[in-house]
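Colleague: Take this structure, written in structure tokens, and hold onto it; I'll ask about it next.
Values in this text are rule-based calculations from the coordinates and carry no lab data. Predicted model, so just to flag it, every value in this text is computed and none were measured. For neighbour counting, all protein chains shown are included, and Cβ atoms are generated from backbone atoms with ideal geometry for every residue, glycine included.
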Ligand code: FRU
């Protein structure tokens, strides 16, 4: 055999080996959390303790499809570099470990210690489900006395028994100082049920919310209740936000996460209006909740997938990733309040190089590939221009795959078209165009694109309209062309090239 043949064989082999290394496989995100291997869905038990962010998640360690649920575990000191830890919770005779939350019991209400991290989760009994009983989902506890490294299941599980509701799950617990009670927000089929407890063990039902309000395309799941403070007329006002995931019934198709803005008095949630608002209008942000124990700051993270196709996406050794962590805050526009989201500032610390350009004229089309060239498809791109022209951003790969984000002023809409962005054949609904309303009344269009290998998150108008979409292209999105109907001026463009966390 010739030397040339040998050398090229070696080169091919080394490229193949690199691609097989965990975290370097085809489609693997560069700065989003994804499990080293196997199946992942909802984020669970997100809590900050002693300077460490804990991210537990729905995990099936034996396959890349959904199965008997465990809680996987990852930790981070900075919200971006994650280390996967041993599995935190295993299924037992009461059932699988479904979604839930975690708190730090600093008043030692449970009685196992003031440093206890307590996980509150649903146990799903698959046998009960098969027998068509209606009480196969119950709420249980586990506690950790070593900062979340190991957990002991509470011997009195389950602590909240099912009264006969088939969907009775995803407890989100927080301490409400005014009534000195733990509050549990629980998804109960087509509504949210609120429970209170002095000690995490004995729960009393307080009220219900949600019948006939909001989106009801499917069952309600993964709620989260928390305050956000806003300064109005130089005074601080607290609003209570109730996040509720809905599957199907999302704003485009399949899974989606809505929220309500209102007041909470320790017993009842009162929404301020009946408008349906979505945390994210894209197809791929589901079951997201916020970290507990972070003071006034609210950091949100969602599962970057959709139940329509989550089990069939074309990754080979793992399935699904999380969104980037996002700061939540209240923003008023067009006479309405919204919960806006922006990338957590920690994400910007991955920036290796920044380019800023001003006054770029687009005379119906302009190639901006030079800006993205050496990014390896990992970047944050900010664009500012007027909001009166239609404008499309065509991101593409060296393989000619195209992912398009557009703004249509006539319809007052944003859209993402991923039909040509690579592999779309694994599900008939995947290769589509998804739309979102523009909610802002600002004359300027402000777009922040967070691009990674296999996902695009767009924060429009200071994060009032957000769209997240995953895609599976053979090569990274390192080319950009801007198309407009007329002459369009990009007043400012900023590009941050991001390092990979692996
Ligand atoms: C949401 C969900 C939750 C449930 C979990 C099971 O995606 O259906 O309601 O607890 O996934 O994995």
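Colleague: Using only Cα atoms and rounding to the nearest 10 degrees, what angle (0 to 90) does helix 3-20 make with the longest principal axis of the chain?
Modeller: 30
Colleague: How would segment 280-432 be classified by its alpha-carbon gyration tensor: rounded, prolate or oblate, with rounded meaning a/c under 1.5 and the a/b versus b/c comparison settling the rest?
Modeller: Rounded shape, in that the Cα axes give a/c under 1.5.
Colleague: Over the chain, what relative contact order in percent results from Cα pairs under 8 Å that are six or more residues apart?
Modeller: Relative CO of the chain lands at 13 percent.
Colleague: Ranked highest first by the average count of other Cβ atoms within 10 Å around their residues, in what order do 295-308, 63-76 fall?
Modeller: Sorting 295-308, 63-76 by mean packing, highest first, produces 295-308, 63-76.
Colleague: Now a separate question. Restricting the calculation to Cα positions, tell me the Rg (one decimal) and the Dmax (whole number) of the chain in Å.
Modeller: Final numbers for Rg and Dmax: 23.1, 81 Å.
Colleague: Just want to confirm a number: the relative contact order over segment 319-455, from Cα pairs under 8 angstrom separated by 6+ residues, in percent.
Modeller: After rounding, I find 23 percent.
Colleague: Ok, one more. Taking segment 38-172 on its own, what percent of its Cα-Cα pair distances exceed 28 Å?
Modeller: So the portion of pairs separated by more than 28 Å is 15 percent.
Colleague: Could you compute Rg(Cα) / (2.2 N^0.38 Å) for segment 350-498, with N its residue count?
Modeller: In units of the 2.2 N^0.38 Å rule of thumb, it is 0.98.
Colleague: Along each of the three principal axes of the Cα atoms of segment 119-259, give the extent in whole Å, ordering the values from largest to smallest.
Modeller: So the extents along the principal axes, rounded to whole Å, are 56, 41, 29.
Colleague: While we're looking at this one, here's another question. Roughly how many whole Å is it from the C-alpha centroid of segment 323-399 to that of segment 79-139?
Modeller: Comparing the Cα centres of segment 323-399 and segment 79-139, I get a distance of 38 Å.
Colleague: Using only the Cα atoms of segment 385-427, build the gyration tensor, take square roots of its eigenvalues as a ≥ b ≥ c, and label the shape rounded, prolate or oblate: rounded if a/c is under 1.5, else prolate if a/b is larger than b/c, else oblate.
Modeller: Oblate is the answer for segment 385-427, as a/c is 1.5 or above yet b/c matches or exceeds a/b.
Colleague: So, by mean Cβ neighbours within 10 angstrom, what's the order for 143-156, 49-62, 479-492 with the highest one leading?
Modeller: Ranked by mean Cβ neighbours within 10 Å, highest first: 49-62, 479-492, 143-156.
Colleague: Right, something else. Where does the chain land at 222 nm, in deg cm²/dmol rounded to the nearest 500, when only DSSP H runs of n ≥ 4 count, each adding -39500 (n - 2.57), divided by all residues?
Modeller: Calculated from helices alone, the mean residue ellipticity at 222 nm is -1500 deg cm²/dmol.
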